[in-house]
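Notes for the one structure printed next.
Nothing in this text is a laboratory measurement; each read-out follows from the coordinates by a stated rule. Keep in mind it's a predicted model, so treat the numbers as computed, not measured. Quick reminder, even Gly has a Cβ in these numbers, built from the backbone with ideal geometry, and neighbours come from all protein chains shown.
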Amino acid sequence: MDATLAIFGAGDPDKIKPVKPYKRIPLFKQGELARLVRDALRRGVKPLTLSQVVANVTAELGHGEEAIPAMRHRVRASLQYLLRDKGAVQKHGSGSRVTWSLTDNELPL
């Protein structure tokens with residue numbers, strides 16, 4: 001590897017920083033958070049704010065209010081994924097007035 005870098009003039013191999021392995025913390029099983037988010041939206045009578053979805057998911061998991069700040073980022077990312085990649089949720093409004101609901105094909109019959 002060092003010889004290849006020297007041939008291409010990439011510099012001193014000793015100055016290249018090693019890649020740190022990503023440490024995954026498995027808080028949820030595969031698809032569990034998305035299911036919890038969908039369930040929270042399904043139980044809502046009207047579109048819910050991010051805070052309402054986070055509170056519902058946190059309560060469903062049995063955590064106290066101290067877990068809400070840590071869950072907020074994860075639930076927001078899950079909502080964005082469900083919106084962008086799955087088309088399972090709808091985003092209403094913008095800025096701090098955003099609410100979320102399930103799309104028609106995700107609602108129970």
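Take the conditions loosely packed, with under 15 Cβ neighbours inside 10 Å and hydrophobic (A, V, I, L, M, F, W, C) and apply them to L50. Does it pass? Judged against the criteria, L50 is not a match. Among the residues making up segment 30-47, those that are over 15 Å from the mean Cα position of the chain (by Cα) and surrounded by fewer than 20 Cβ atoms within 10 Å (Cβ to Cβ) are D39, R42, R43, G44, V45, K46, P47. Of the residues in segment 12-23, at least one is closer than 30 Å to A88 by Cα and within 37 Å of the chain's Cα centre (by Cα). Does R76 satisfy being on the phi < 0 side of the Ramachandran plot, surrounded by 14 or more Cβ atoms within 10 Å (Cβ to Cβ) and touching an Asp or Glu at 6+ places or on another chain (Cβ under 7 Å)? Criteria not met by R76. Anything in segment 56-71 that is within 15 Å of the chain's Cα centre (by Cα) and surrounded by 16 or more Cβ atoms within 10 Å (Cβ to Cβ)? List them, or say none. V57, T58, I68, M71, listed by residue number.
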